[in-house]
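Some notes on the structure that comes next.
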Amino acid sequence: MSTDAGKHTYLRSAAPDDVSAIVTLANSAFEVERFFKDGDRTNADQVKQMMAEGTFLLLSDGDSLLACVYVTLNGERAYIGLLAVEPAGQKKGIGKRMMREAESYARAAGSKFADLRTVDLRTELLPIYRSLGYVETGTESADVIPNLKLPVHFVRMSKTL
């Protein structure tokens with residue numbers, strides 16, 4: 001147990017009954033992306049599929065979900081994604097904490113590297129990930145994102161754990 005913003009917080013792995021809360025949190029946190037895409041960031045089917053392939057780490061205050069991050073383990077490499085912090089808790093260090101938790105989880109499972117990707121239009125995220133030790137490793141198509149209003153691509157980033 002630790003304290004964030006004066007609250008007692010608890011980190012745990014997600015369970016199937018957390019799907020709805022994860023969807024609500026992620027869609028709320030990713031509202032900022034409406035300038036380049038229409039529609040929600042995720043849905044229950046996507047979250048269930050992700051849970052079948054990896055783990056969501058959740059941070060709650062006992063009453064509500066404050067943040068989540070998704071981790072998949074692929075041998076020496078881990079993928080970290082869907083980092084979401086409730087809008088009222090953003091810019092308070094919770095996202096950085098969740099990244100450290102995801103990295104620790106991956107390291108404990110034997111991963112040597114962490115990979116992530118972000119869309120190029122979210123330019124505010126690149127300096128944050130760089131400050132956490134991530135470096136750009138390339139780009140890739142973002143054609144998996146539905147309902148785009150603007151052209152985007154993913155920026156891949158990696159870090160040695």
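The values are calculated or read from the model by the stated rules, or taken from the named source; none is laboratory data. Please read these numbers as outputs of a predicted model, since none were measured by experiment. Note that each Cβ is placed from the backbone with ideal geometry, even for glycine, and that neighbours are counted across all protein chains shown.
For segment 67-82, the criterion of being buried (at least 16 other Cβ atoms within 10 Å of the Cβ), touching a residue at least 12 places away in the same chain (Cβ under 8 Å), at positive phi and not polar (S, T, N, Q) is met by at least one residue. The number of residues in segment 12-49 being touching a helix residue (DSSP H, G or I) at 6+ places or on another chain (Cβ under 6 Å) and among the hydrophobic types (A, V, I, L, M, F, W, C) comes to 5. Of the residues making up segment 70-92, those that are part of a strand (DSSP E or B) and within 15 Å of L125 (Cα to Cα) are I80, G81, L82, L83, A84, V85. Residue check: T139 meets all listed conditions (1) surrounded by 15 or more Cβ atoms within 10 Å (Cβ to Cβ); (2) hydroxyl-bearing (S, T, Y); (3) in contact with an Asp or Glu (Cβ under 8 Å, 6 or more places away or on another chain); (4) under 24 Å from E31 (Cα atoms) but one, namely (1). Return the residues of segment 83-100 that are touching a residue at least 40 places away in the same chain (Cβ under 8 Å) and within 21 Å of E33 (Cα to Cα); say none if nothing qualifies. Selection gives A84, V85, E86, P87, G89, Q90, K92, G93, I94, M98.
When residues in segment 104-152 are screened for being over 22 Å from K92 (Cα atoms), part of a loop (DSSP other than H, G, I, E, B), charged (D, E, K, R) and under 18 Å from the mean Cα position of the chain (by Cα), 1 of them pass.
Within segment 48-60, does at least one residue satisfy the condition of being touching a residue at least 60 places away in the same chain (Cβ under 8 Å), buried (at least 17 other Cβ atoms within 10 Å of the Cβ) and not in a helix (DSSP H, G or I)? Checked segment 48-60: no residue is touching a residue at least 60 places away in the same chain (Cβ under 8 Å), buried (at least 17 other Cβ atoms within 10 Å of the Cβ) and not in a helix (DSSP H, G or I).
Of the residues that sit in segment 130-145 and are among the aliphatic types (A, V, I, L, M) and at pLDDT below 95, which one is nearest to R41 (Cα to Cα)? So that I can check it myself, show each step before the final result.
Of all residues in segment 130-145, those among the aliphatic types (A, V, I, L, M) come to 132, 135, 142, 144-145.
After this cut, where a residue has to be at pLDDT below 95 as well, the list is 142, 144-145.
Details: A142: 14, V144: 12, I145: 9 Å.
Checking each candidate, the answer is I145.
From the list R122, R97, the lone residue that is in contact with a helix residue (DSSP H, G or I) (Cβ under 8 Å, 6 or more places away or on another chain), surrounded by 15 or more Cβ atoms within 10 Å (Cβ to Cβ) and among the basic types (K, R) is R122.
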